[in-house]
Amino acid sequence: MEAVEARLERNAALPKWDILIRPVLGNVFEVNHLSSTEVETLRFMREEEKLARDVYITLHNQWGLAVFNNISQSEQKHTDRIKALLQTYGVADPVTNDTVGVFQDSRLLGLYTQLVAQGQKSMLDALYVGAFIEETDISDLQGAIAGTTHADIANTYSNLMKGSRNHLRAFVGLIEGQGIDYAAQALPQAEVDAIANSEAERGNINAGGRGRR
């Protein structure tokens, strides 16, 4: 069903009745209507989700905290979903080497090195790194949704953002469980507080963590 849904663009007002079905060219959908911005965003999001996975794998190896292992598995599914979109639209996959810590985008390589170094200082620092990654993902996904005109791409980004909000709830909950008031790092404080104080989201997502009351 995911493969079928990827070909559909539903009218928001009549999603069950007004549906555009994109044609198939061999095994690849018609892609000439994807903007260069949409293409580059897809490629960036593919590696950004991989960055989250890689940092969490590394920090789990360092500290053995279950939250990093659980969320790294979720991030694997997230990056796989972006890969599926790349394949759908015939866009070259930037992940030609899936080894932890390997990136084509030099900015993400530098960020990976920086975040791992920060997270290896202490378990608390590692939790703050996790929260920073999720805040950044949410912000980038918000921009990505605003920058696409394709319902299937926007829907995937929206589902990934639900997962990121759940992950942020998990990290903030663990930080505040130590008696620390969490200060936002990449999003407005009011937005982070609203996320952290709401219930975990369910639906077509892969997520971990729970909201706090």
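Derivation of every value follows stated rules applied to the coordinates shown; laboratory data play no part. Quantities reported herein were computed from a predicted structural model and do not represent experimental measurements. All Cβ positions, glycine included, derive from the backbone under ideal geometry; neighbour counts span all protein chains shown.
Using only the alpha-carbon atoms, how far is helix 123-146 inclined from the longest principal axis of the chain? Give it as 0 to 90 degrees, nearest 10. So the inclination is approximately 20 degrees. For segment 26-132, trypsin sites (Lys or Arg not before Pro) meeting the loop criterion (DSSP other than H, G, I, E, B) and having at most 13 other Cβ atoms within 10 Å: LYS121. At each listed q (0.18 Å⁻¹), what is the log10 of I(q)/I(0) that the Debye formula gives for segment 64-209 modelled as equal alpha-carbon point scatterers? Listed by q, the Debye log ratios stand at -1.18. Within segment 121-201, list the GluC sites (Glu not before Pro) lying in a DSSP loop whose Cβ has at most 13 other Cβ atoms in a 10 Å radius. Listed in order of number, the matching sites are GLU199.
Among rounded, prolate and oblate, which fits segment 85-130 when a ≥ b ≥ c are the square roots of the eigenvalues of its C-alpha gyration tensor, a/c under 1.5 means rounded, and a/b larger than b/c means prolate? Taking the square roots of the gyration eigenvalues as a ≥ b ≥ c, segment 85-130 is prolate.
Structural descriptor for the chain: relative contact order 19 percent, calculated from alpha carbon pairs under 8 angstrom and at least 6 residues apart.
The distance from the alpha carbon centre of segment 87-127 to that of segment 177-195 is 24 Å, rounded to a whole number. Pairing the Cα long axis of helix 36-63 with the longest principal axis of the chain, what angle in degrees results, from 0 to 90 and rounded to the nearest 10? Roughly 30 degrees between the two axes.
Using just the helices of the chain, give the 222 nm mean residue ellipticity in deg cm²/dmol: DSSP H runs with n ≥ 4 each add -39,500 (n - 2.57), and the total is spread over all residues, rounded to 500.
My calculation for the chain gives -20500 deg cm²/dmol from helical runs alone.
Checking the a/c ratio against 1.5 first, then a/b against b/c, what shape does the Cα gyration tensor give for segment 117-165? Prolate, because a/c is 1.5 or more and a/b exceeds b/c. The relative contact order of segment 124-200, computed from alpha carbon pairs under 8 Å that lie at least 6 residues apart in sequence, is 39 percent.
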